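Remarks on the structure that follows.
The values are calculated or read from the model by the stated rules, or taken from the named source; none is laboratory data. Predicted, not measured: the structure shown is a model, and the values here were computed from it. Cβ: placed from backbone, ideal geometry, glycine included. Neighbour counts: every protein chain shown. We work out accessible area using only protein heavy atoms, side chains counted, and drop any ligands, DNA or RNA first. Shrake-Rupley method; radii C 1.70, N 1.55, O 1.52, S 1.80 Å.
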Amino acid sequence: KVRNSIQVNNPEPAFGGENQPTLDELRFIGINSRSLQSRMVSKEDLIARVYTMPSNLGRVFRASAISNLDNPFSASLFILTRDSDGNMGPATDTMKRNIKMFLNKFRLVSDSIDILDAPVVNVKIEYDVTIDTLHNKNSVLKIINSKISSFMKIESFQIGTPIIKSDISQIILNVSGVTSVSRIDIFNVTGKIGENTYSNFSYPLNIINEIAYPPEGGIFELKYPNFDITGRGY
């Protein structure tokens, strides 16, 4: 009777599960694991160990290791997980403890690892283009938006991956009917806008030589491509 009547209420969403890795993700894991040593000596060893952690301990979606400038024997491990809807978020305290216990078997005695939540920077992209008069303007813009959406899919991004404006410009110029690109702007979006909920991490974009860099240990995400890619054709 107790088994038939028991109910569970989870007030917080569950993070740390993940679908089976795609071919691109397996390729990335394989590259990092190729030179994996029995002990974690390099940052690459550390990241590879995180990605090969048994699934019953939780699955990390993205990981990055950065040296601690104040302590040569310490590394900062930034991690992200995803929920069942594919939304990125911080790992639970339980999962962090699991990661720490798992990594302790491979770390050098003198080394220490700080496990931190990787900040998610949600962005939107706006652009202006000139379109040949022989082409339908709305159709061309729709194709451009689809191409940018594919390019910006989160599966293509790692922690620390920059957004290069010239890459986006080239994607746009390769669309039939586009004669020139006059503007590409990238903005940070936060909080809740209409029905869309973004990360609360506010970050003034660091754009150097037309390259946008995320914060230390952070990752870019274009979360709602249907709303966050806006183009104007002339």
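List of remarks:
- Of the numbered criteria (1) at pLDDT 75 or above; (2) farther than 18 Å from Pro119 by Cβ; (3) of a type in the set (A, V, I, L, M); (4) surrounded by fewer than 17 Cβ atoms within 10 Å (Cβ to Cβ), the one Ile31 fails is (1).
- Residues that are among the hydrophobic types (A, V, I, L, M, F, W, C), closer than 24 Å to Ile66 by Cβ, touching a Ser or Thr at 6+ places or on another chain (Cβ under 9 Å) and in a strand (DSSP E or B) within the stretch 117-174 comprise Val120, Val121, listed in sequence order.
- Just one of the listed residues (Ser112, Ser146) is open to solvent by 40 Å² or more (accessible area, probe 1.4 Å), in contact (Cβ under 8 Å) with a residue 24 or more places away in the chain and either touching a helix residue (DSSP H, G or I) at 6+ places or on another chain (Cβ under 8 Å) or not aliphatic (A, V, I, L, M) (or both), namely Ser112.
- Hits in the stretch 175-187 (condition: in a loop (DSSP other than H, G, I, E, B) and touching a strand residue (DSSP E or B) at 6+ places or on another chain (Cβ under 7 Å)): Gly177
- Residue check, Leu80 open to solvent by 70 Å² or more (accessible area, probe 1.4 Å), out of contact with any His (no Cβ under 9 Å at 6 or more places or on another chain) and among the aliphatic types (A, V, I, L, M): no
- Test: residue in the stretch 119-132 that is of a type outside the set (Lys, Arg), open to solvent by less than 40 Å² (accessible area, probe 1.4 Å), modelled with pLDDT under 90 and closer than 30 Å to Ser169 by Cβ: no
- Residues located in the stretch 115-143, provided they are free of Cβ contacts under 8 Å to residues at least 12 places away in the same chain and among the hydrophobic types (A, V, I, L, M, F, W, C): none
- Output for the stretch 188-229, where each listed residue is open to solvent by 80 Å² or more (accessible area, probe 1.4 Å) and not in a loop (DSSP other than H, G, I, E, B): Lys192, Ile193, Ile208, Tyr213, Asn226, Phe227
- Residue within the stretch 102-110 that is in contact with a strand residue (DSSP E or B) (Cβ under 7 Å, 6 or more places away or on another chain), part of a helix (DSSP H, G or I), at pLDDT 85 or above and of a type outside the set (Gly, Ala, Ser) present: yes
- Scanning the stretch 179-204 for residues being aromatic (Phe, Trp, Tyr) and in contact with a Phe, Trp or Tyr (Cβ under 9 Å, 6 or more places away or on another chain) gives a total of 1.
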